[in-house]
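Down below is the structure, laid out as structure tokens.
The values are calculated or read from the model by the stated rules, or taken from the named source; none is laboratory data. The structure displayed is predicted, hence computed values, not measured ones. Virtual Cβ from ideal backbone geometry, glycine too; neighbours counted across all protein chains shown. Note: accessible area is taken over every heavy atom of the protein model, side chains too, but ligands, DNA and RNA are not part of it. Shrake-Rupley method; radii C 1.70, N 1.55, O 1.52, S 1.80 Å.
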Amino acid sequence: MIVLRTLGAIGLAAVDGRELDGLLRQPKRLALLCYLASPSPGAWHRRDTLLAAFWPEFETGQARSALRNALYVIRQELGPDVLRTRGDDEVSLDPALLVNDVALLQRDIDSGALRDAVDRYGGDFLPALFVHDAQGFEKWVDGERHRIRSLVLKAALQLSLDAEAHGDLAAALQAQRWLCETAPDDEAAARRYIALLDQSGDRVQALVVFDRLHARLRDEFGSEPSRETIRLIEEIRSRRTPAAMEEQAAAYPPPIAAAETSPGHRAGVRWRWWAGAAVFVLTLIAASLGRWRAAVGAVPTSLLVLPMENATGDAGNDYVATGLAEDVAARLTALHSFVIHSGARARWPVRPREALATLTPRFGTAVILRTRLTRTGDSLQVTSEVFDAQSGATREIATERFTLGTLRDAGSQLAAAVAGAVFRVPLPEVPRDPSRPVDPEAYRLTLLGWHVLLQRSDAAGARELFLRATQIDPLHARAWSGLSSTWAAATTNGQIPFDEGFALAEAAASRALALDSLQGTAWANLGILHALKARSLAAGEPFFRRAMMVEPANAETYMVHASALRFAWQWDQAHDAIRVARQLDPLSSYYAGLEGNGAMCQDRPADALRWYRVQLALDPRDRSAHLGAGRALARMGRWDEAIAQLRALAVARGDPAFASALLAAHGERGYWEMKHREGAGLLEERQRRARTGFVAPYLLGVAEIGAGHLDRGLALLEDETRNGSRMVYKLPCNPEIDEVRSLPRFQRLLAAAGALPLTATGP
């Protein structure tokens with residue numbers, strides 16, 4: 001028996017699995033075999049139909065000779081009995097000797113085995129098979145693709161409807177998700193998937209699905225979702241679903257080693273009780289808001305928080321400005337009747353008033369909060385104003401003066417002033433636990449630590465700050481959460497042995513959650529650590545779900561989740577997570593850069609370049625954006641443009657020697673000479689660290705390639721793959737491998753790593 005595979009990939013093999021690759025190297029004869037196997041082996045095909053489909057440019061005698069030769073080759077490759085003839089005019093395949101996946105799929109559907117049919121569909125019919133001068137065949141392929149695809153999509157929809165009717169919501173979701181992924185342009189399918197997700201309580205994923213649909217309709221077709229879809233998503237956004245969240249919470253693991261009787265835990269309970277009461281009061285206020293809105297004027301439903309301008313003349317106060325703006329945005333997010341877009345962490349220039357109106361279409365808001373940090377004597381002062389894009393009016397709403405010793409309460413006071421002035425609802429100025437306030441210096445160090453980690457990407461420097469904060473105040477949960485992030489980063493980046501890093505990061509995250517189980521970043525850190533330890537994405541998902549539940553507006557949790565998905569090479573899901581993070585922190589260039597990096601992992605440099613340019617528009621000083629843009633241009637073969645991009649970066653960072661060398665470089669050779677020069681410095685640094693401490697062999701391997709030592713680097717990476725290193729998940733994404741990406745040796749290495757170190761279900 002011979003098996004012909006045509007869905008999602010093309011294959012021809014004997015029943016024992018032996019590949020029959022002779023025909024696979026002959027496109028027209030392979031195409032003829034596939035045509036003869038349609039709609040199933042055994043169907044008879046007239047020779048004149050075959051001549052018109054495959055040799056329309058030949059005279060009749062030549063075409064018949066070409067057909068005879070093609071049938072002769074098929075017999076030689078597959079055996080003399082595979083082909084049957086009926087008189088001189090008809091040809092078919094013997095169904096007892098050859099079977100194909102399309103016929104099996106049709107059989108599954110006819111017998112009602114819809115799940116088997118959906119599972120059998122691996123993708124489009126005859127992908128990437130092109131036959132020169134055979135327009136009839138190409139037209140037939142297009143028709144078959146549409147027919148088979150329609151059959152499978154209908155089967156998936158019926159599966160989803162049947163599962164929902166029988167109360168199996170999980171199976172309904174599974175079938176509907178497959179349908180949406182297979183037909184991303186089907187708005188009706190996406191709308192049903194959104195409704196099912198909402199029904200299951202997964203409101204976050206429902207919003208992700210809508211965002212993906214909205215972006216695709218806009219980017220691919222220049223259109224918007226239907227009013228029916230818009231009504232559904234607006235209903236989901238406006239509805240509060242505490243019952244669904246409680247049902248989800250019951251399925252999540254409890255905090256590891258939670259100190260149920262610790263003072264910090266009791267403080268968290270008191271705060272959550274108080275916060276619950278406050279939310280209840282705010283809900284009543286919001287419910288009555290519509291009755292008195294007309295009397296006081298229109299109340300906005302959303303607000304864009306710009307990064308705070310540091311006008312103190314001291315760059316050392318940057319962390320104060322960033323931390324305060326972030327604190328205000330986080331506190332305002334607690335007002336669930338309103339939408340807060342935070343740009344607090346962005347290194348985004350404060351635009352002149354007339355430019356602010358251009359932001360409103362992008363974020364769907366007409367009101368923008370601008371804040372400015374100044375120094376007044378020994379104190380710091382924040383002035384805040386709101387800009388109304390519709391009227392063009394600017395109104396000052398609050399001025400708060402504080403010292404570093406009272407920094408912990410400044411954000412609360414400012415957020416309360418903004419809530420009252422903009423949304424006309426009270427936001428109490430209450431710290432999390434009045435009976436045990438955070439030590440002021442520990443609070444300041446923690447604020448600075450997060451700034452150093454997220455703005456400067458300096459995990460080692462941030463770790464020292466978080467350690468000092470936890471020493472000063474051992475009950476400060478946010479400091480422990482930050483410490484877990486620095487250890488998790490060192491572990492996933494191969495800077496410390498995995499088991500050692502796992503223990504340190506898990507201990508810090510567990511301590512944070514024992515003090516305050518609402519620390520979403522700590523939950524997310526546990527998610528990626530447990531996924532890597534078990535080599536199973538499923539092992540981390542409960543932690544990620546808990547992180548998103550307790551802090552749905554925390555962009556960090558989605559960023560960490562995206563990293564885990566990328567480690568499993570689940571690119572589309574990682575893209576969705578980054579998109580949510582980007583919406584939560586829309587002015588930060590960091591998340592646009594992550595979009596670009598994800599596209600480079602998939603070898604889509606044109607898409608990556610678009611994102612790196614968005615990143616540069618948000619922050620022209622962003623070094624990673626310049627490097628990414630240069631890398632994408634090189635992958636596209638635009639060598640001189642890539643060199644110019646690197647030279648602009650060298651000039652910007654004050655490296656005249658390298659800028660001068662880049663000026664003399666040209667073409668592919670010049671580009672790689674310059675990259676090898678940079679790579680030699682990285683290799684030397686990693687070798688030096690390896691002599692005195694730990695550096696993952698994987699990192700040495702990619703550094704060798706970056707320095708131009710291709711054989712040596714590939715050999716190290718091959719050893720790491722054979723040894724099952726957890727670091728090989730980075731193979732598609734590491735920038736140093738660009739030079740070898742298309743080499744057969746690297747492709748074999750990538751295939752060997754295809755048994756992913758992080759899978760959906762584990763080893």
Practice task
Please find, within the range 511-537, the residue that is nearest to Ala564 (Cα to Cα) out of those that are under 17 Å from the mean Cα position of the chain (by Cα) and modelled with pLDDT of 90 or more.
Solution key: Ile528
Completion exercise
Those residues of the range 548-561 which are within 9 Å of the chain's Cα centre (by Cα) and open to solvent by less than 20 Å² (accessible area, probe 1.4 Å) amount to Tyr558
Completion exercise
Residue hits (the range 610-639; touching a helix residue (DSSP H, G or I) at 6+ places or on another chain (Cβ under 7 Å), under 12 Å from Glu668 (Cα atoms) and surrounded by fewer than 18 Cβ atoms within 10 Å (Cβ to Cβ)) are Met636
Fill in the blank from the handout: So the helices (runs of 4 or more DSSP H) completely within the range 485-551 holding 2 or more residues that are among the small types (Gly, Ala, Ser) and farther than 22 Å from Val728 by Cβ are 498-515, 520-534
Practice task
Tell me, please, whether a residue that is in a loop (DSSP other than H, G, I, E, B) and open to solvent by 10 Å² or more (accessible area, probe 1.4 Å) can be found in the range 562-569.
Solution key: yes
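One line per residue, one yes/no per condition, for (1) more than 18 Å from Ile643 (Cβ to Cβ); (2) touching a residue at least 24 places away in the same chain (Cβ under 8 Å):
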{"residue": "Leu663", "(1), (2)": "no, no"}
{"residue": "Lys675", "(1), (2)": "no, yes"}
{"residue": "Gly679", "(1), (2)": "no, yes"}
{"residue": "Leu682", "(1), (2)": "yes, yes"}
{"residue": "Gly706", "(1), (2)": "no, yes"}
{"residue": "Asp711", "(1), (2)": "yes, no"}
{"residue": "Leu714", "(1), (2)": "yes, yes"}
{"residue": "Asp719", "(1), (2)": "yes, no"}
{"residue": "Ala751", "(1), (2)": "yes, no"}
Handout entry: Selection within the range 175-189 - buried (at least 22 other Cβ atoms within 10 Å of the Cβ) and in contact (Cβ under 8 Å) with a residue 60 or more places away in the chain
Key = none
Handout entry: Residues of the range 514-527 satisfying the condition of being under 19 Å from Ile578 (Cα atoms) and either open to solvent by 10 Å² or more (accessible area, probe 1.4 Å) or free of Cβ contacts under 8 Å to residues at least 60 places away in the same chain (or both)
Key = Gly520, Thr521, Ala522, Trp523, Ala524, Asn525, Gly527
Practice task
Filter the range 583-596 for residues that are assigned to a helix (DSSP H, G or I), within 14 Å of Val305 (Cα to Cα) and not aliphatic (A, V, I, L, M) and give the result.
Solution key: Gln583
Problem - Hey, Glu720 among the acidic types (Asp, Glu) and closer than 21 Å to Gly501 by Cβ or not - result: yes
Exercise for the section: Select from the range 383-418 the residues that are among the charged types (D, E, K, R) and part of a helix (DSSP H, G or I) and list them in ascending order. Expected result: Arg408, Asp409
Practice task
Among what's in the range 662-677 and is open to solvent by 40 Å² or more (accessible area, probe 1.4 Å) and assigned to a helix (DSSP H, G or I), pick the residue that is modelled with the lowest pLDDT.
Solution key: Leu663
Practice task
For residues that are open to solvent by 30 Å² or more (accessible area, probe 1.4 Å) and of a type in the set (A, V, I, L, M), scanning just the range 528-547, find the one that is nearest to Cys180 (Cα to Cα).
Solution key: Ala538
Problem - Residue ID - modelled with the highest pLDDT, chosen from residues in the range 682-707 that are small (Gly, Ala, Ser) and more than 31 Å from the chain's Cα centre (by Cα) - result: Ala690
Exercise for the section: Identify all residues within the range 700-719 that are in a helix (DSSP H, G or I) and open to solvent by less than 20 Å² (accessible area, probe 1.4 Å); write none if there are none. Expected result: Gly701, Val702, Ala703, Glu704, Ile705, Gly706, Gly713, Leu714, Leu717
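Yes or no, residue by residue, for (1) touching a residue at least 24 places away in the same chain (Cβ under 8 Å); (2) open to solvent by 40 Å² or more (accessible area, probe 1.4 Å):
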residue: Arg191; (1), (2): yes, yes
residue: Val208; (1), (2): yes, no
residue: Asp219; (1), (2): no, yes
residue: Pro225; (1), (2): yes, no
residue: Glu228; (1), (2): yes, yes
residue: Glu234; (1), (2): no, yes
